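First the structure, in the form of structure tokens, and then the observations on it.
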Amino acid sequence: MSTDVKRVITALAALLLTALAGTPARAADGDGPSAGQRIASALRTSPVYVDESYADAVPPARQRQLAERIRRTGLPIKVVLRPLTKGDAFDGDSDVLAGTVRDRLPERRELILITTDSDFSDSLKGYEWPSDTHQTRDAVSAAGLLDEMRDAGLADVTAKAVDLVAEGKGRQRYEEATADLGGGSPPAKSGSNSGSDSDSGWLLWSLIAVPVLALTVLATRTLLRSREPAPAVPQLVFATARAADEAELRRRAEAEVLALGETTQAADVATTPGLQHALDAYAAAGTVLDEARGLPDLAGVLALVQEGRDALAGSPGLPLCFFNPLHGRAARRTGWRPLGRRERLDVAVCEECADALRGRRAPEVLTDTAQDGRAVPYFELPGGRSVWAATGYGSLTSPLAGFNSSRARAR
Ligand SMILES: [Zn+2]
């Protein structure tokens, strides 16, 4: 894997955590001004305030280390780590949080505040009063983007942010960190998206085990937050093509469809109430297989076969893993809040993805190609364009039902 890809993944991992983990909306510090007051009071005894929902990520021992680190800088740095959700005490806005807390601190004249970021709650945002003398804003943003922070947790990133503020070269650090996100450029993609060859070529090229959408958000954000002349849009580098994966999956999907066909033929009409359902799923799986244009469709074949098998067995189990159906059948259901959405979805996930969510890491996600050619998590596509986004491969609704209604629409 190229260094560029690693950097990209690093940045993503830092950004996606909260959205994927579905941070609890409620925090323990109450509402409105009283929440700000409570945080400000806590900051009088320690420069580090950590909401209890972050206590696993930044346990008391780490909080003490952070406080000591801050003390050594000799700077008026305070850290507030708290989930931010729209509608909460600070309306999910780190600017409101920072302002409210500052208003309630005695040392408000000179203050450097490092808070959770409203847009990406596991990344950080820096504030400094009376002016940005220590380049705090850029220093703090850079901390989560550095290559060395690849596998870092919130405590490490916060410590790094403190170091970078103390160093005072935030602007340079931020530029270095974001320049790293650009690198080479993806292969030129000519013409429209309609050619299936160029589509699958692009899809393969852009297959990457992390949701790339967030990276685009990052890139956009990088541009938006800069008041200076906008730097060139970072060109993203994706994983190299893995054509073998698709060929292999296609063979497996074919074998599974055949096996389902044989089992349905052998089934006894009298004792198999789900037979018609299974036959329908078998027919749909065959159609999708014939028309499959890449991994998302081939994974859909597996989901339809699974539905058919369950119908035959008369015991519907959990569907395939929502985040990546190639992980196999899910082990449990869990609530998950997509990036930028308020409502939680109930999705079925494999053990590995469940672990990732619990550990506030980004699960490995199956990507699909958006209309503009970008690789995005398959579930980010509009449901009208992708049966798989609409059904979540069975997590949201039955793949067969999704397939049928997409066919009905196409007619
Ligand atoms: Zn999974």
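The values are calculated or read from the model by the stated rules, or taken from the named source; none is laboratory data. Keep in mind that what you see is a predicted model, and the values were worked out from it rather than measured. Quick reminder, even Gly has a Cβ in these numbers, built from the backbone with ideal geometry, and neighbours come from all protein chains shown. Just the protein is used for accessible areas: all its heavy atoms, side chains included, with ligands, DNA and RNA removed. Shrake-Rupley method; radii C 1.70, N 1.55, O 1.52, S 1.80 Å.
Measuring with a 1.4 angstrom probe and ignoring ligands and nucleic acids, Glu364 comes out at about 80 Å² accessible. Amide H to amide H, with H built 1.01 Å from N, Thr367 comes under 5 Å of Ile208, Tyr378, counting only residues 5 or more places away or on other chains. Within the full protein context, the accessible area of Lys160 is estimated at about 40 Å² for a probe radius of 1.4 Å. Available extension along the chain between Arg341 and Arg44 is 103.4 nm, counting 0.36 nm per residue and deducting the alpha carbon span.
Ordered by solvent-accessible area of protein heavy atoms (1.4 Å probe), largest first, the residues Asp56, Asp138, Asp245 come out as Asp56, Asp245, Asp138.
Ranked from largest to smallest solvent-accessible area, with a 1.4 Å probe on the protein heavy atoms, Arg293, Arg44 come out as Arg44, Arg293. Here the accessible area is traced with a 1.4 Å probe on the protein chains. For region 233-410, carbon and sulfur cover 51 percent of it.
Between the beta carbons of Glu52 and Arg252, assuming R0 = 35 Å, the FRET efficiency works out to 0.15 to the nearest 0.05.
Sorting Glu352, Glu110 on solvent-accessible area from highest to lowest, probe radius 1.4 Å, gives Glu352, Glu110.
Once the 1.4 Å probe is applied to the protein heavy atoms, region 233-410 comes out at 46 Å² accessible per residue.
Between the alpha-carbon centres of region 101-161 and region 347-410 there is a gap of 34 Å. With a simple spin-label model that places each label point 7 Å from the Cα along the Cα-to-Cβ direction, the separation between Ser406 and Asp163 comes to 4.7 nm.
Straightening the chain between Ala331 and Lys86 buys 85.1 nm, computed as 0.36 nm per residue apart minus the Cα-Cα spacing.
In the assembled protein chains, His277 presents an accessible area of approximately 80 Å² (probe radius 1.4 Å).
In this label model, Thr287 and Ala267 are separated by 1.8 nm, measuring between points 7 Å along each Cα→Cβ vector. In order along region 290-298, the Karplus-derived 3J(HN,Hα) couplings, from 6.51 cos²θ - 1.76 cosθ + 1.60 at θ = phi - 60°, round to 4, 9, 4, 10, x, 4, x, 5, 5 Hz, and Gly and Pro are given as x. Between Arg171 and Gln276, the simple label model (points 7 Å from Cα in the Cβ direction) yields a spacing of 7.2 nm.
Pairwise Cα separations in region 269-411 fall into 10 Å bins from 0 onward with the following percentages, short to long: 12, 42, 33, 11, 1, 0. Take region 38-157 with all the other protein chains still there, run a 1.4 Å probe, and you get 43 Å² of accessible area per residue.
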